[in-house]
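Accompanying notes for the structure given below.
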Amino acid sequence: MKKEKLLFPLLGLSTLMMVLTSCDDDNDTMEALRPTALVTVCPETDGSFIMQLDNTTQLVPVNMKQSPFEDKEVRALVNYTEAGGETAAANIRNVQVHWIDSIRTKMPVESVGEDNDDRYGNDPIEIVRDWVTVAEDGYLTLRVRTLWGTAGKPHILNLLTGTNPSDPYELELRHDAQGDVNGYWGDALIAFNLNKLPREDSDTKKFTLKWKSFSGEKSLEFDIQMRPVKPEIDPRGIKHSKAVR
């Protein structure tokens with residue numbers, strides 16, 4: 001996802017307590033601190049990695065051989081410039097990575113019905129309609145806003161599936177502030193991998209996100225394109241692998 005407006009990130013995005021503040025200063029220092037894009041960091045089997053910019057475009061870092069997040073696939077903010085050079089396809093670009101910082105990336109969890117409040121919390125939270133609130137590449141990334149009081153106190157966010165048995169694409173965001181319900185307004189980023197949701201006959205889906213805001217219950221619809229399903233390997237009949245050298 002390309003940047004749509006100028007933002008200044010406080011580093012340390014792997015934790016939830018992160019604030020993004022708008023800036024109008026165009027000097028070189030500020031440009032170096034601003035994220036260029038929101039990407040999915042995809043590790044390869046040989047230890048290298050690519051960054052998925054949107055549903056079709058891949059960025060190949062020419063100045064980094066391995067992902068700083070090892071074998072984890074995560075969403076991340078990155079500052080990069082085009083590096084040029086030949087690539088294998090038109091939708092692949094070589095880039096020079098100046099910095100990259102991961103976003104907390106989670107899988108959805110299953111609803112437990114009447115026990116959801118006890119297990120996942122029911123504290124209010126706001127979703128900020130911003131360029132980093134986006135559904136793409138099978139991921140839902142959200143910029144959220146709530147009250148933060150105790151420094152370093154983690155807030156827990158979960159995305160629930162199964163809240164509507166007749167609609168697997170009705171999801172609910174749950175917030176557990178762990179008692180940290182007073183203080184100052186602040187923003188955070190979090191991402192959820194939706195690629196394991198049912199697909200039926202299409203990789204493009206529409207889903208509804210519900211959440212409890214500070215002004216009541218809210219909902220929002222997203223269109224999302226899932227990753228193409230890779231064919232599974234049938235392991236039957238491959239029992240002689242250890243005899244091959």
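The values are calculated or read from the model by the stated rules, or taken from the named source; none is laboratory data. In this text, all values refer to a predicted model and were calculated from it rather than measured experimentally. Positions of Cβ are generated from backbone atoms using ideal geometry, with glycine treated the same way; all protein chains shown enter the neighbour counts. Protein only, heavy atoms only, side chains kept; ligands, DNA and RNA dropped before computing areas. Shrake-Rupley method; radii C 1.70, N 1.55, O 1.52, S 1.80 Å.
In table form, for the structure just shown:
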quantity	calculated
Test: ALA32 is open to solvent by less than 70 Å² (accessible area, probe 1.4 Å) and at pLDDT 90 or above	no
Top-ranked residue in region 168-222 [being outside any strand (DSSP E or B) and open to solvent by less than 30 Å² (accessible area, probe 1.4 Å); ranked as nearest to LYS106 (Cα to Cα)]	LEU194
Residues located in region 64-83, provided they are basic (Lys, Arg) and either open to solvent by less than 70 Å² (accessible area, probe 1.4 Å) or outside any loop (DSSP other than H, G, I, E, B) (or both)	ARG75
Criterion violated by SER102 - all others in (1) open to solvent by 50 Å² or more (accessible area, probe 1.4 Å); (2) modelled with pLDDT of 95 or more satisfied	(1)
Cross-chain or 6+ apart pairs with Cβ under 8 Å, region 161-175 first and among the charged types (D, E, K, R), then in a strand (DSSP E or B) and open to solvent by 50 Å² or more (accessible area, probe 1.4 Å)	GLU170/LYS210; GLU172/LYS210
Which listed residue, of ASP123, ASP101, ASP117, is of a type in the set (D, E, K, R) and within 26 Å of ASP54 (Cβ to Cβ)	ASP101
THR15 being at pLDDT 75 or above, open to solvent by 70 Å² or more (accessible area, probe 1.4 Å) and part of a loop (DSSP other than H, G, I, E, B)	no
Neighbours by Cβ (under 9 Å, 6+ apart or cross-chain): first from region 84-101, in a strand (DSSP E or B); second open to solvent by 70 Å² or more (accessible area, probe 1.4 Å) and charged (D, E, K, R)	ARG93/GLU82; ASN94/GLU82; ASN94/GLU86; VAL95/GLU82; GLN96/GLU82
Hey, THR150 within 30 Å of SER48 (Cβ to Cβ), of a type outside the set (A, V, I, L, M) and part of a loop (DSSP other than H, G, I, E, B) or not	no
Pick from region 130-148, criterion open to solvent by 10 Å² or more (accessible area, probe 1.4 Å) and among the aliphatic types (A, V, I, L, M), ranking: farthest from ILE224 (Cα to Cα)	LEU147
Options ASP54, ASP24: the member that is assigned to a loop (DSSP other than H, G, I, E, B), at pLDDT 85 or above and among the acidic types (Asp, Glu)	ASP54
Residues located in region 105-124, provided they are assigned to a loop (DSSP other than H, G, I, E, B) and open to solvent by 80 Å² or more (accessible area, probe 1.4 Å)	MET107
Among (1) over 23 Å from ALA188 (Cα atoms); (2) surrounded by fewer than 20 Cβ atoms within 10 Å (Cβ to Cβ), the one test that VAL95 misses	(2)
Residue in region 150-160 that is out of contact with any strand residue (DSSP E or B) (no Cβ under 8 Å at 6 or more places or on another chain), open to solvent by 60 Å² or more (accessible area, probe 1.4 Å) and modelled with pLDDT of 95 or more present	no
Matching residues in region 73-129 - criterion: being among the charged types (D, E, K, R) and touching a strand residue (DSSP E or B) at 6+ places or on another chain (Cβ under 7 Å)	GLU73, ARG75, GLU82, ARG93, ASP101, ARG104, LYS106, GLU110, ASP123, GLU126
